[in-house]
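Data first, discussion second: the structure below is written as structure tokens.
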Amino acid sequence: MTELQLRRIRLTIAYDGTRYCGWQRQKNGRSIQQEIETCLRTMTRTEINLHGAGRTDAGVHAESMTAHFDCTSGITNARFLYGLNSMLAGDIRILTVETCPAEFHARFSAKGKCYQYHLCTALIQPPTRRLYSLHVTAALDLSSISRCLGVLEGEHDFESFENTGTRDKRIVTGRGAVRTINSARIFTADSTHLIFEFIGDGFLKNMVRNLMGTLLDAGRGKISSADFAKILQAKDRSAAGVTAPAHALFLKKVFY
């Protein structure tokens with residue numbers, strides 16, 4: 001019998017993170033990675049290690065997460081697509097399945113990511129939006145927020161907006177907490193729906209949520225854009241605002 005060739009398969013995945021403890025496999029709790037790996041194990045009858053483009057926290061959603069795995073199974077990509085979606089719960093969907101070069105890596109080949117954070121500013125939040133947007137009824141100074149967003153663009157050390165767990169801070173080599181934000185903007189989907197969008201070459205643990213907590217302080221008049229710039233320069237997490245809730249955050253796209 002001819003031995004089947006090892007191939008690398010790339011998945012594009014969308015999920016509603018409400019019921020999950022995040023992307024990464026956990027000992028106590030259901031994760032997106034584990035749910036997909038379990039289905040792949042059933043289909044291939046082998047152990048499969050799924051590698052994602054990054055981690056998303058418990059409750060965070062994704063419209064286009066990228067992951068890859070290696071296998072020698074003769075199952076076609078079309079059958080993987082159909083089989084996985086038939087076994088997975090409805091809040092996880094495989095959008096595409098494709099064979100990719102062996103040197104491709106979902107995490108290390110990524111050039112950047114786009115995250116979006118959603119606010120509902122209606123006096124009463126519609127129930128259908130409660131799981132996917134943060135309800136904020138206080139009036140926000142959008143011009144102040146926009147000035148703060150301008151401060152973020154470019155290369156900066158984002159340690160003030162980093163929670164522990166991203167990296168070993170004892171290691172002094174590498175780029176540390178330095179990341180480049182290519183675009184930071186706010187726009188309206190409708191009169192009561194604000195979307196904050198961040199595009200960059202990488203993001204630290206809870207970075208977008210910590211940014212949002214501080215940006216909302218600016219919107220409520222608690223800090224100025226000059227204060228925001230000082231917080232960024234402080235490289236001190238205690239100088240920044242609270243961590244905004246996870247349920248309003250979406251991984252929009254991974255760039256390669």
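Values as computed for the structure displayed
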| item | result |
| --- | --- |
| Dipole moment magnitude, nearest 20 debye, segment 99-246 about Cα centre, only Lys, Arg, Asp, Glu C-beta charged | 320 debye |
| Among (i) 65, 46, 31; (ii) 55, 40, 36; (iii) 71, 47, 31, the entry derived from the coordinates for Cα extents along the principal axes in Å | (iii) |
| Selection from S109, S191, F80, by position along the positive dipole direction of the chain (Cβ) | F80 |
| Within the chain, longest stretch clear of exposed trypsin sites (Lys or Arg not before Pro) (DSSP loop, no more than 13 other Cβ within 10 Å) | 46-110 |
| Cα centroid separation - segment 71-123 against segment 177-224, whole Å | 25 Å |
| Listed residues M207, M65, M43, most fluctuating in the chain (Gaussian network, C-alpha, under 10 Å) | M43 |
| Relative contact order (%) - criterion: Cα under 8 Å, at least six apart; region: the chain | 24 percent |
| Whole-Hz ³J(HN,Hα) from phi, Karplus 6.51 cos²θ - 1.76 cosθ + 1.60, for segment 4-13, glycine and proline x | 6, 7, 5, 10, 9, 10, 9, 10, 10, 10 |
| Of I124, Q233, L40, farthest towards positive along the dipole that unit charges on Lys, Arg, Asp, Glu beta carbons give the chain | L40 |
| Relative contact order computed over segment 7-100 (Cα-Cα under 8 Å; 6+ residues apart), in percent | 45 percent |
| Cα-centre dipole for the chain with unit charges at Cβ (Lys and Arg positive, Asp and Glu negative), debye to 20 | 340 debye |
| Within the chain, longest stretch free of exposed GluC sites (Glu not before Pro) [DSSP loop, at most 10 other beta carbons within 10 Å] | 104-256 |
| Proximal aspartates and glutamates to K205, defined as alpha-carbon separation beneath 13 angstrom and excluding residues fewer than eight positions away on the same chain | D57, E159, E162, D168 |
| Percent RCO, i.e. relative contact order, over segment 112-255, from Cα pairs under 8 Å lying at least 6 residues apart | 39 percent |
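No lab work stands behind these numbers, since they all come straight from the coordinates. Please read all numbers here as calculations on a predicted model, not as lab measurements. Reconstructed Cβ throughout: ideal geometry from the backbone, glycine too, with neighbour counts over all protein chains shown.
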